[in-house]
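All remarks here apply to the structure that follows.
The values are calculated or read from the model by the stated rules, or taken from the named source; none is laboratory data. Here the structure is a predicted model, which is why all the values come from computation and not from measurement. FYI the Cβ positions are ideal-geometry reconstructions off the backbone, even for glycines, and counts take in every protein chain you see.
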Amino acid sequence: MRIIWSEPAIADYWQNIDYLLKEWGDSVAIDFIDKVDQVLILIATKPATFQKTNFKNTRQIPIVPQVTLFYQFSNDTVELVRFWNNYQNPEKLKL
């Protein structure tokens, strides 16, 4: 399946990387990037495998304990919606 990134997903992704680089260093940021790459491979091959959410047509998968990826899929496309920091107020999550 083809993976596309929404604007919020791109912004979230880079905000997480910037934070990790600033607070934890290169190795932790690289580990996060590697985990995202691994999850994207899983989603591209079996998008229906992961947990449904209360949001219409949206599923989720944890990248690390602190960050969850929300995504949607159709026939041949997976759209990455948000990389959500789990320490944020869940009521503020807009998809």
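For the range 13-72, which positions are among the basic types (K, R) and either touching a strand residue (DSSP E or B) at 6+ places or on another chain (Cβ under 8 Å) or under 18 Å from I3 (Cβ atoms) (or both)?
At the first step, the residues of the range 13-72 found to be among the basic types (K, R) are 22, 35, 46, 52, 56, 59.
Selection gives K35, K46, K52, R59.
For F55, which of the numbered conditions (1) of a type outside the set (A, V, I, L, M); (2) over 18 Å from Y87 (Cα atoms); (3) at pLDDT 95 or above fails to hold?
If we test F55 against (1) of a type outside the set (A, V, I, L, M); (2) over 18 Å from Y87 (Cα atoms); (3) at pLDDT 95 or above, just (3) comes out false.
Would you please name the residue that is surrounded by the fewest Cβ atoms within 10 Å (Cβ to Cβ), looking only at residues in the range 13-48 that are closer than 18 Å to Q72 by Cβ and aliphatic (A, V, I, L, M)?
Among residues in the range 13-48 that are closer than 18 Å to Q72 by Cβ and aliphatic (A, V, I, L, M), the one surrounded by the fewest Cβ atoms within 10 Å (Cβ to Cβ) is A48.
Does D31 fit the bill of being closer than 17 Å to L95 by Cα and assigned to a helix (DSSP H, G or I)?
Values: closer than 17 Å to L95 by Cα: no; assigned to a helix (DSSP H, G or I): yes.
In short, no.
Of the numbered conditions (1) over 10 Å from the mean Cα position of the chain (by Cα); (2) in a helix (DSSP H, G or I); (3) surrounded by fewer than 17 Cβ atoms within 10 Å (Cβ to Cβ); (4) hydrophobic (A, V, I, L, M, F, W, C), I10 satisfies every one except a single condition; which is it?
(1)
Please determine whether any residue of the range 8-24 is over 17 Å from N86 (Cα atoms) and of a type in the set (F, W, Y).
Checked the range 8-24: at least one residue is over 17 Å from N86 (Cα atoms) and of a type in the set (F, W, Y).
If you check I17, I41, which single one turns out to be within 15 Å of the chain's Cα centre (by Cα), closer than 25 Å to K92 by Cα and β-branched (V, I, T)? Spell out how you get there, then give the answer.
On the way: I41 fails: closer than 25 Å to K92 by Cα.
Exactly one of I17, I41 is within 15 Å of the chain's Cα centre (by Cα), closer than 25 Å to K92 by Cα and β-branched (V, I, T), namely I17.
Test I63 against the criterion of being surrounded by 12 or more Cβ atoms within 10 Å (Cβ to Cβ) and part of a helix (DSSP H, G or I), and give yes or no.
no
Pairs under 7 Å by beta carbon, first residue among the basic types (K, R) in the range 1-17, partner in a strand (DSSP E or B) and modelled with pLDDT of 95 or more, six or more apart or different chains?
Once the first residue is among the basic types (K, R) and sits in the range 1-17, its partners that are in a strand (DSSP E or B) and modelled with pLDDT of 95 or more give R2/T77.
Only residues that are among the polar types (S, T, N, Q) and modelled with pLDDT under 95: list them for the range 67-92, please.
S74, N75, N85, N86, Q88, N89
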